[in-house]
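Below: one structure, written as structure tokens.
The values are calculated or read from the model by the stated rules, or taken from the named source; none is laboratory data. Here the structure is a predicted model, which means the values were calculated and not measured. Positions of Cβ are generated from backbone atoms using ideal geometry, with glycine treated the same way; all protein chains shown enter the neighbour counts. Heavy atoms of the whole protein, side chains included, go into the accessibility calculation; ligands, DNA and RNA do not. Shrake-Rupley method; radii C 1.70, N 1.55, O 1.52, S 1.80 Å.
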Amino acid sequence: MIRVYNTLSKSKEPLAPVSPGKVGIYLCGPTVYKPSHIGHMVGPVIFDAVKRYLVYSGYETTLVINVTDVDDKLIAESNARGMPMADLAAEMTADYMNNLDALGVDSVDHFPRATDFMDAIVDLTATLVDKGFAYESDGDVYFEIGKCADYGKLSGRSIEDMRGLGGGTAERKRSSADFALWKAAKPGEPSWKSPWGAGRPGWHIECSAMSGRLLGETFDIHGGGLDLVFPHHENEIAQSESAHGRPMAKYWMHNGLMQASSEVGKVGGRKTRAATEGDLESQEAAKISKSKGSSAFREMLDMFPGETIRFFLLSTHYRRPIDFSNERIEQVGTGLETFYRFFKRYDRVTGESFYALPVAATRAEGDFDPAGDSLLVDVAKHRDAFLEAMDDDFNTGGATAALFDLVRRLNKFVDEKKLEETAKDHAAALDSLRRGAATLRELGSTLGLFRRPIDEKGNADDELVDGLMRLMIDLRAAARKNKDFATADQIRDRLGELGVTLEDRPGGTEWSRA
RNA sequence: GGCGCCGUAGCCAAGCGGCUAAGGCAGCGGAUUGCAAAUCCGCCAUCCCCGGUUCAAAUCCGGGCGGCGCCUCCA
């Protein structure tokens, strides 16, 4: 039984899809006017894992992430850069897609773009006007919050709380809290035809329109960052539910926001803030956000492998805010290496590739009977712990602990059975190891991890280096054979200074680059 | 001011009423190794403070203190 924390009820609820066996997920994606930063990757990585886990759990799952490619900020940026809005959007969308790809986010079924759904947006707006929830004013169309009885149910705000100044359009609105569904085009702005004249959609309407088209009037899970609860999601609910007369989504899942830690020093953070005694500038820099500016995600990919960043994002529970720093990513990267080392060890012992192990597509398929095999009894136990954590509101942090327990058990098994030295004599043990390793790969894959070999620095991509290393290792082996340890150690130490690590194993010496 | 979140070892972090409080990073012992590396074993926390509820609280309630988010563009 999978349980999901629902922002709407502020509690965990058993997952009971609208249509049994099927789950529809809509995640609010980016407005593509600038290169994406790490904050944009949090939701996609989490929901990619959520989808994998749901599929693994037997649900036919559809994941939709929208791309908002028309908006005030896009217009401003395209003017500033002197290029058409559509070109800017295309460029930034490509950047976004490349970033997702590097993180292994490839389970997304649809990336609908707002400009491809203009008809749906206009239709929905017209429906709201027809039903009396919205009104036209000087070519703009506004949603009238006062007509929506339960407005504020998601964020816990009352309409009274909402009465602000109303922005620059106050004089055209009936109430300052009303929000725009459609904005009349000013000269030179990109626009689309509508019953109210040429214009473009307001910020929230595209999500209501696209989710309705792709997932239905009531779908299962709507996700997004915590910062979208108000006003974005609140307004989506108002639009969709007023138009359709039924709930928009059963479960609202919100992920915690990425925050910059002072260690990075680039965008400030908590400690910086303390140090500067509440200085306004550093205070505002604590949260990474589009408008505050932070380095492009693309640059981070030059520093860390995508899988390491993914593991970092999944190392804590998705609802928790997560502090970002290079140091922390390095730490989880160090942890990840434990797995990679085991994979190589597995290859050595079995002569087969870990990455070639079959992965059970579903939970039921992955179930197995330990049949009294002491290794497999433990493997099953850790598998259960993993599933239990994931069932509980996708607790990826707890789940990764089970993964670490599992590799340790597998390593211990290889040690105890001395499989590195005498694998050939232990056919039965190898079978157990295979079964256990397959479980590790299966579980990892539900998080989108361990799916394909990582890129190793150095090795094999340079014939000369490879040949030189073989030479050094052979010379050192000869020295060791002659008990000339001074020479052997000198070779190893000097290579160490160059960032090359040598490891002597039963089957020979292996080298790797830091 | 309004709404909300968080405070668990040196650092990160799971646990959210009841087993010896997961796991990772770092550190310290030990096994292994010619010495290392890797691996394995062991050690390293009474859960911000004060009250309360309960047979029983890190977990619930109240009050402090501290950190943060939203209320304006944001994933």
Kirkwood Rh in Å, taken over the stretch A:463-513 so that all alpha-carbon pairs contribute: 11.0 Å
For the stretch A:329-446, just say rounded, prolate or oblate: build the C-alpha gyration tensor, square-root its eigenvalues into a ≥ b ≥ c, call rounded for a/c under 1.5, and beyond that prolate if a/b exceeds b/c, oblate if not. oblate
Could you tell me what percent of the accessible area of chain A is made up of carbon and sulfur, with a 1.4 Å probe and every protein chain present? 50 percent
For chain A, state what percent of all Cα-Cα pairs lands in each successive 10 Å bin, counting from 0 Å until the bin that includes the largest distance. 3, 16, 23, 23, 16, 10, 6, 3, 1, 0
Using 1/(1 + (r/R0)^6) with R0 = 45 angstrom and r between the beta carbons of A:ASP150 and A:GLU421, what's the FRET efficiency to the nearest 0.05? 0.05
Computed D for the stretch A:3-258, Stokes-Einstein, Kirkwood radius over alpha-carbon pairs, 4 °C, 1.567 mPa s, to the nearest µm² per second, is 69 µm²/s
I need to check one value: relative contact order of the stretch A:463-513, counting alpha carbon pairs closer than 8 Å and at least 6 residues apart, in percent. 23 percent
Sites A:ASP431 and A:ARG246, calculated FRET efficiency, Cβ-Cβ separation with R0 51 Å, nearest 0.05: 0.45
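Taking 60 Å as R0, compute the FRET efficiency from the Cβ-Cβ separation of A:LEU475 and A:ARG3 and round it to 0.05.
Values: r = 60 Å, r/R0 = 1.00.
After rounding to 0.05, the efficiency reads 0.50.
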Only Lys, Arg (+1) and Asp, Glu (-1) charged, at Cβ; the stretch A:329-446 dipole about Cα centre in debye: 460 debye
Leaving out ligands and nucleic acids, note down the accessible area per residue over chain A with a 1.4 angstrom probe, in whole Å². 45 Å²
When the Cα centres of the stretch A:56-81 and the stretch A:215-244 are compared, how far apart do they sit, in Å? 15 Å
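Listed here are the pairs A:LYS22/A:LYS153; A:LYS12/A:LYS73; A:LYS344/A:LYS381; A:LYS51/A:LYS381; A:LYS153/A:LYS173; A:LYS34/A:LYS147; which of them are more than 29 Å apart at the Cα? Mind showing how you got there, number by number?
Values: A:LYS22/A:LYS153 26 Å; A:LYS12/A:LYS73 36 Å; A:LYS344/A:LYS381 24 Å; A:LYS51/A:LYS381 24 Å; A:LYS153/A:LYS173 22 Å; A:LYS34/A:LYS147 36 Å.
The answer is A:LYS12/A:LYS73; A:LYS34/A:LYS147.
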Counting only protein chains, not ligands or nucleic acids, how are A:THR7, A:THR439 ordered by accessible area (probe 1.4 Å), most first? A:THR7, A:THR439
